[in-house]
Amino acid sequence: MNIQEVKSEKGMIAWLVEDHTVEIVNIGFAFNGGITQDPVGKEGMANLMAGLFIEGAGNYDSDAFQMKLDDAGAEMGLEAQRHYICGSVCMLPKQQDAAFGLLRLALNAPRFDQGPIDRVRAEIVSDIVGSERDPDAIAQRKWLRAIYGTHPFSRPGEGTKESLAGITPSDLLAFHKAIFARDGLHIAVVGDIDANTLRERLDQLFGDLPEQQTLAPVADVVPKLGQLVEENCDLPQTSLRLAWPGVKRSAPDHFATVLMNDILGGSGMTSRLFEEVREKRGLAYHVSSELTLDKLLVTTETRSDCAAQTLSIVRDVVKQMAQQGPTGAELKAAKKHLIGTYAIDRLGSTSSIADRLLDLQIHKADVDYNQRRARSIGRVTLKQVKAAAKKLLSAEPAILVVGRRWAARMSKETHLAFLLPWGFSWEERIWRPVGQADHADPRSRFAGLARHWRSRRASRRNGAPQHVCRLLQNTLARHQQAAGG
């Protein structure tokens, strides 16, 4: 794939992949900013602005603009993401004059008329009201507040009923002006257009935007791990989410971490998590891990009565990866998978290519990244992957549980095994690594507990809270006979 870097007279830069085999042009663009720029008290600003992208511009009100868009045979949209405002346009080359003209108006002269604002806002509020009855949505909000605290990442991207009510047309115009500027712009174009034509179009589209953005600084944040977040609701299935530290793309061990994640849960049906949770035990239809910039996230759903067992198995699999790392055979297979599926997953259509080029620009990659990627993956050693696994997965995760209240469906001693505060030095001596037989019979766990409890002062000395000591003592008294203590 030949990626050209096209620079306009006004300094706009776009990555272009020409493809004249299909009569279509896809444009992707992104501005630095996004949901994190929402003012405090007016959360949802970026999302509302994105929803109004085709609701009128220049001399065209909402209805007229969309009729013109239909006449041009073009599609365009805008999306507010955490760090970026991303847009996309799909057009026919024969009608590109009309499509480019409409895109220019939408970028440079949005109307933000009161009527469309009220309508789009009402649609968003309707979704918010619906989410207030959705256990997963409720849990997601609790989860974000728990792991991000007061950082902008914790705020709802869609806003709230109260914050949306206070947003005015002048607020939207000021927000648009602060973000839609040339110095924070990234552009990718794929399809039936040549470099000379694109060079002229870039200035037509973006040349009249302000030169510099006005963004509020957003501090880096590290998720607060080692905690349990529960949303108790009467559902037949329980959703589990576990978060470990992530890694930045610029980090030296980025590709080693990507390979480790692929082996752990990113490769679908060949991953360790899928093998242990789905194939061997049939506890879940799907289980996977995903690597983001700030966390490695494991997600699955299972029957409510199997939630504790599933969580335990997931933690055991992750712990084994942290302590032992992958095998040489697993690493070889992961390299083959990541290199071989890249073109299929990321480069299968003009729109997916445009998305990928835009993503590379956003993360400050070079034009030749796609060629270097395979070589970089191939050079990763088993030692490097093991080091990455130990570095990230040795931490105690943040855990989100959405389902029936655990205390109601598990005995108190089983509840103890999974909800005790993480990270105490005495935990490993009590809850030794267990196999499948131990999951089925908790008495073996209490044998270890009985041995440890004979030195109660050791528990106190190593940091076990008083109430935990009492609870362990009471639980042990009921199970010493069954455990042979």
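The values are calculated or read from the model by the stated rules, or taken from the named source; none is laboratory data. Treat the numbers as computed from the prediction; the structure is a model and nothing was measured. Positions of Cβ are backbone-derived with ideal geometry, glycine not excepted, and every protein chain shown enters the neighbour counts.
Quick rundown of the values:
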| item | result |
| --- | --- |
| Any hit, segment 246-268, residues being under 15 Å from the mean Cα position of the chain (by Cα), of a type in the set (A, V, I, L, M, F, W, C) and modelled with pLDDT of 90 or more | yes |
| Some residue of segment 347-354 being within 19 Å of the chain's Cα centre (by Cα), crowded, with 20+ Cβ neighbours inside 10 Å and among the β-branched types (Val, Ile, Thr) | no |
| Lone qualifier among Arg303, Arg278 - being in contact (Cβ under 8 Å) with a residue 40 or more places away in the chain and touching a helix residue (DSSP H, G or I) at 6+ places or on another chain (Cβ under 9 Å) | Arg303 |
| Given (1) acidic (Asp, Glu); (2) modelled with pLDDT of 95 or more; (3) within 30 Å of Leu242 (Cα to Cα), index of the condition Asp113 fails | (3) |
| Helices (runs of 4 or more DSSP H) enclosed by segment 73-183 - at least 1 residues per element that are touching a Cys at 6+ places or on another chain (Cβ under 6 Å) and farther than 23 Å from Thr36 by Cα | 135-148 |
| Sole exception among (1) touching a strand residue (DSSP E or B) at 6+ places or on another chain (Cβ under 7 Å); (2) part of a helix (DSSP H, G or I) for Asp359, by number | (1) |
| Sole exception among (1) more than 30 Å from His363 (Cα to Cα); (2) within 32 Å of the chain's Cα centre (by Cα); (3) among the hydrophobic types (A, V, I, L, M, F, W, C) for Ile85, by number | (1) |
| Selection from segment 211-239 of residues that are among the polar types (S, T, N, Q) and surrounded by 15 or more Cβ atoms within 10 Å (Cβ to Cβ) | Gln213, Gln227, Asn232, Gln237, Thr238, Ser239 |
| Long-range neighbours under 8 Å by Cβ, at least six apart or interchain, first residue over 30 Å from Val22 (Cβ atoms) within segment 170-193, second hydroxyl-bearing (Ser, Thr, Tyr) | Lys177/Thr214; Ala178/Thr214; Ala181/Thr214 |
| Residue match in segment 149-158 (condition: outside the structural domain of Leu240 (by TED's automatic domain parsing), surrounded by fewer than 17 Cβ atoms within 10 Å (Cβ to Cβ) and of a type in the set (Lys, Arg)) | no |
| Failed condition for Ile27, given (1) under 20 Å from Ala74 (Cα atoms); (2) surrounded by fewer than 23 Cβ atoms within 10 Å (Cβ to Cβ) | (2) |
| Cβ pairs under 7 Å, 6+ apart, first in segment 239-260 and under 19 Å from Leu382 (Cα atoms) and polar (S, T, N, Q), second in a loop (DSSP other than H, G, I, E, B) and at pLDDT below 95 | Thr257/Val247 |
| Odd one out for Lys248 among (1) among the basic types (Lys, Arg); (2) farther than 24 Å from Gly325 by Cα; (3) exposed (fewer than 15 other Cβ atoms within 10 Å of the Cβ) | (2) |
| Members of segment 378-405 that are more than 19 Å from His337 (Cα to Cα) and free of Cβ contacts under 8 Å to residues at least 60 places away in the same chain | Lys383 |
| Residue pairs meeting the criteria (Cβ under 7 Å; at least 6 apart or on separate chains; first within 19 Å of Phe153 (Cα to Cα), in segment 46-58; second of a type in the set (A, V, I, L, M) and part of a loop (DSSP other than H, G, I, E, B)) | Leu48/Ile167 |
| Boolean, Ala46 is within 20 Å of the chain's Cα centre (by Cα), crowded, with 22+ Cβ neighbours inside 10 Å and outside any strand (DSSP E or B) | yes |
| Test: residue in segment 188-210 that is surrounded by fewer than 20 Cβ atoms within 10 Å (Cβ to Cβ) and more than 30 Å from Leu92 (Cα to Cα) | no |
| Tally of residues being in contact with a Phe, Trp or Tyr (Cβ under 7 Å, 6 or more places away or on another chain), among the hydrophobic types (A, V, I, L, M, F, W, C) and more than 18 Å from Leu235 (Cα to Cα) across segment 268-315 | 2 |
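Conditions (1) assigned by TED's automatic domain parsing to the domain that holds Arg404; (2) among the charged types (D, E, K, R); (3) part of a helix (DSSP H, G or I), marked per residue:
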site	(1), (2), (3)
Ala284	yes, no, no
Ser289	yes, no, no
Leu297	yes, no, no
Thr310	yes, no, yes
Val314	yes, no, yes
Lys332	yes, yes, yes
Asn370	yes, no, yes
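Matching residues to (1) under 28 Å from Phe153 (Cα atoms); (2) of a type in the set (A, V, I, L, M, F, W, C); (3) more than 26 Å from the chain's Cα centre (by Cα):
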| residue | (1), (2), (3) |
| --- | --- |
| Asn2 | no, no, yes |
| Lys10 | no, no, yes |
| Ile24 | no, yes, yes |
| Thr36 | yes, no, no |
| Phe65 | no, yes, yes |
| Ala80 | yes, yes, no |
